[in-house]
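This report concerns only the one structure given below.
The values are calculated or read from the model by the stated rules, or taken from the named source; none is laboratory data. Because the structure is predicted, anything quoted here is derived from the model rather than measured. Note that each Cβ is placed from the backbone with ideal geometry, even for glycine, and that neighbours are counted across all protein chains shown.
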Amino acid sequence: MAGRKDIQRETKEQPTSSNRTIFVSQIPEKLNKDYLMMLFENKRVGGGKIEEVDFNEVHGTAVVTFEDPKSAFLSSINIH
């Protein structure tokens, strides 16, 4: 029988969209969705495989969801 600690540990290790997603703002008008994907998939800046990009060209914002939480974290601190 799994104890309470075991259940919490299993839950924390499973990736969720909230720990795989970053919000990007102040995107210059000249950039497009393909460029954003290329940038955030770049391994040199900690990027990784992207599951989805919701790009709002009007507001210059994007919500980027990675396959791996580590890529989301590294991209959020390395790309500015």
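Numerical summary
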| quantity | calculated |
| --- | --- |
| Restricting region 9-40 to residues that are of a type in the set (Lys, Arg) and not in a helix (DSSP H, G or I), the residue that is modelled with the highest pLDDT | Lys30 |
| Hits in region 47-80 (condition: in a loop (DSSP other than H, G, I, E, B) and more than 11 Å from Ile22 (Cβ to Cβ)) | Gly48, Lys49, Glu57, Val58, His59, Gly60, Glu67, Asp68, His80 |
